[in-house]
Amino acid sequence: MFGYKHGRTTQSDPHIASTVEHCGKTPIRTFLDDRHTHAHVNVCRKWSRGNLRSLSKVQVVVFLLGLTLTFLIMTSYVLTWDKKGLLLTPPPYHLKAADVPANATSGAAVSSSISLKRTVIDMKQLVRVIRSKLEYPPRRVPDEKDIIGTDSHLFSAIPRHFLPGVKSPCWYEDLSVEKTRDPYKGNLFALRSKTFKRVCDRLASAFQLQPRRRDDGGLSRLRCLPYFYIIGQPKCGTTDLFHRLLLHPDVKFNIMKEPHWWTRKRFGYIRFKDGFQESFPVEDYLDLFDLAAYNIQGSSGGNSHRDRRRLVQLITGEASASTMWDNQAWSYLHGDRAETEPPFLAQDFIHTVQPGAKIIIVLRDPTERLYSDYLYFKVANKSTEDFHQKVVESVQLFQSCLSERSLRSCVYSTSLSNSMPVRLNLGIYIVFLLDWLTVFHREQILILRLEDYAANLQGTLKKVFDFLNLGPFPEQVEMALTERPLSNTRRAADRSLGPMLPSTLDLLWEFHRPFNRKLASVLDNSDFLWSNT
C-alpha cells in the first residue's frame with residue numbers, strides 16, 4: 001500500500017520501494033486546494049517485467065486507482081481554476097506584443113483584507129505617467145473624400161441636403177417596382193426582432209394604402225435620419241432617458257433603442273466574439289425610423305394647417321450606447337495597418353452625412369460606472385473581492401500599455417480592451433469627448449451627469465427638451481415623465497453584494513482623478529470631478 005505524506009510517496013511494499021529507488025523519478029505536482037497544498041508522486045517511467053510479476057493483483061489495482069484518482073483531481077482543478085482562484089497557469093489576459101510590453105504583469109487574487117498599499121501598482125508613478133500623456137494635440141480629422149471612399153454606398157444612399165421646413169433630416173427616396181410590393185422585405189433588423197417585424201408589416205400595409213406618387217407616376221417614400229443621438233456611456237442612464245423621451249408627443253422613436261449600426265452592424269459585427277456575420281445595409285438602418293417618417297409624411301395630406309405644422313416638428317432619435325467609444329471594427333477589418341489608433345471614428349461618418357446632428361452624452365462617476373458594468377455583464381461568481389481582483393489586473397494592463405504607447409492608442413486598443421477583465425477604458429471620458437469635439441461644435445453636444453438626472457429628474461429633462469427645441473407638452477404628460485419608474489436598475493441579487501471594497505474605490509479614484517480633472521477643465525464644470533479633490 002502507498003500513501004501521500006508531506007509531499008513524498010511512502011511505500012510499504014519492499015519490491016515497490018526497491019523499484020522506485022532505482023528507477024528515474026519524475027515528480028508530478030498536484031494542487032489539492034486553494035492554499036496550493038501539493039504532493040509529489042514519484043512514478044517510474046519504466047517497470048521491469050520481474051518487478052511487475054512480484055506485485056499482487058490487488059497492489060497493482062490499488063496503485064492504478066491511486067494514479068487515476070490523482071489525475072482526476074488535477075484535471076478537475078485545472079478546469080475550474082478560474083472559479084476557484086487557483087494559479088495553475090498564467091491568467092488569460094495577455095496582449096499582443098504590439099500592444100503592451102511582453103512583461104505585462106497580471107494581478108494575483110486579492111481578498112478584502114488586502115489594502116491599496118499592498119498591490120504591486122505604483123499609483124504615484126502611474127498618475128505621473130497619465131498626467132504627462134494627457135496633454136496631446138487634437139486628432140487629425142480625415143479628409144471628407146477619404147471618409148466617403150470607405151463606404152461609397154452609404155453616401156450615395158443619403159443626400160447631402162434635406163427637406164426644408166422639416167425639423168428632422170428627411171428626404172424623398174424613389175422606390176423601385178419590387179420595393180413597392182414590400183419595402184421591408186429582407187430587413188435584417190426585422191429578421192432578428194419580432195417586434196420590429198410587426199412594425200414593418202403595419203408600415204408596409206399603410207404604404208400600400210397611401211403611396212406617394214411622383215409627377216412621372218412613380219412612387220417614393222419619405223426617409224429620415226435620427227434628429228439626435230444618445231451616444232453613451234453604458235450604465236449611465238441612457239435607457240431611462242430613452243424611455244422618458246418617448247413620452248413627449250413630438251418624439252417618435254424607432255422601437256429599437258440600440259441598433260449599434262454606426263459602430264458594429266454596418267461592418268457585419270453583432271458581437272465581436274462571434275466574428276464577422278452579415279453587414280446590415282444603410283437601407284435597413286433607415287427603416288428603423290420609418291415610423292416617424294410616416295407620421296411626418298402625413299403632414300402633406302388632408303390635415304389641418306395646425307396638424308401639418310405639428311407633424312413637421314416631429315423628431316426621432318436613437319440611443320446606441322456604443323456610439324461614443326466603440327471603434328473596434330476598424331482593427332478587425334484593417335488589422336494589417338500600421339496605425340495604432342483607428343484611422344476613422346464613428347463620428348466622422350455621422351458628421352459627414354449629418355453635420356447638424358444633436359448629440360446627447362450621459363456620464364456618471366467612472367468608479368461607480370465600472371462597478372455597475374461589472375455587475376450587469378458578469379453572469380456568475382460575482383463578488384466584491386472578484387471585482388477588486390479584476391480592477392487590479394485591468395489597471396496593471398493599462399499601465400503596461402502606457403509605458404510604450406500613447407494615451408489615445410491605449411484607450412482605443414482593441415486587444416487591450418479584450419484583455420482587461422473589466423471595461424476600465426470606458427470611464428476615460430475625456431479622450432472620447434475630445435475626439436467628438438474635433439468634428440462637432442460644443443453647442444451640438446449636451447453632456448449630462450447621471451447624479452444630476454437622479455437628483456433632479458424634471459430639471460434635467462427640461463435641459464434635454466430645450467436642447468432638442470421641443471415645444472411645451474400637456475400637464476398629464478409632464479406627470480407621466482416624472483412618475484415613470486426607473487429603467488434598467490440594479491438587480492436585487494446584485495444589490496445584495498453591497499458597495500465595492502474601500503480599497504477598490506481608492507484605487508479607481510486615484511486612477512480616474514487625472515482624467516476627471518481634465519474633463520472638468522474642458523467643460524468648465526467642477527461637478528465632473530465627482531469628488532472634493
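The values are calculated or read from the model by the stated rules, or taken from the named source; none is laboratory data. Note that the structure is a prediction, hence the values are computed from the model and not measured. With ideal geometry, Cβ positions are generated from the backbone for all residues, glycine too; neighbour counts draw on all protein chains shown. The protein model used for the area step is the full one, side chains on, heavy atoms only, and it has no ligands, DNA or RNA in it. Shrake-Rupley method; radii C 1.70, N 1.55, O 1.52, S 1.80 Å.
Between beta-carbons, use under 12 Å as the cut-off and find the net charge around S156, counting Lys and Arg +1, Asp and Glu -1. Here the count lands on -2. The shape of the range 417-527 comes out oblate: with a ≥ b ≥ c from the C-alpha gyration tensor, a/c is at least 1.5 while a/b does not beat b/c. Of the GluC sites (Glu not before Pro) found in the range 378-425, those that fall in a DSSP loop while having at most 15 other beta-carbon atoms within 10 Å are E404.
Once all protein chains are placed together, I430 keeps about 0 Å² accessible to a 1.4 angstrom probe.
Pairs to check: K257/K358; K235/K358; K167/K252; K194/K257; K235/K378. Give those whose C-alpha atoms are more than 19 Å from each other in this structure. As for pairs spanning more than 19 Å Cα to Cα, those are K235/K358.
Label the range 330-424 by shape, choosing from rounded, prolate and oblate, from the square roots a ≥ b ≥ c of the eigenvalues of the Cα gyration tensor; if a/c is under 1.5 it is rounded, and otherwise prolate applies when a/b is larger than b/c, oblate when it is not. It comes out oblate by the Cα gyration axes.
The accessible area of W325, taken with all protein chains in place and a 1.4 Å probe, comes to roughly 20 Å².
For R491, neighbours were defined as the other residues whose beta-carbon sits under 13 Å from its Cβ, and their charges (Lys and Arg +1, Asp and Glu -1) total +4. When L246, L375, L505 are compared by accessible area of protein heavy atoms, the largest-first order is L246, L505, L375, using a 1.4 Å probe. The heavy atoms of K462 offer some 120 square angstrom of accessible surface to a 1.4 angstrom probe. Sorting the Cα pairs of the range 459-524 by distance into bins of 5 Å, from 0 upward, gives 3, 11, 11, 12, 12, 15, 17, 12, 6, 1 percent per bin.
With a ≥ b ≥ c the root eigenvalues of the C-alpha gyration tensor of the range 332-490, is it rounded (a/c under 1.5), prolate (a/b larger than b/c) or oblate? Oblate is the answer for the range 332-490, as a/c is 1.5 or above yet b/c matches or exceeds a/b. Taking 7 Å steps out from each Cα toward its Cβ at E278 and A454 produces label points 4.1 nm apart. Pairs from the list K185/K265; K133/K390; K265/K463; K197/K265 with a Cα-Cα gap above 28 Å: K265/K463. Taking all Cα-Cα distances within the range 128-214, those exceeding 15 Å account for 77%.
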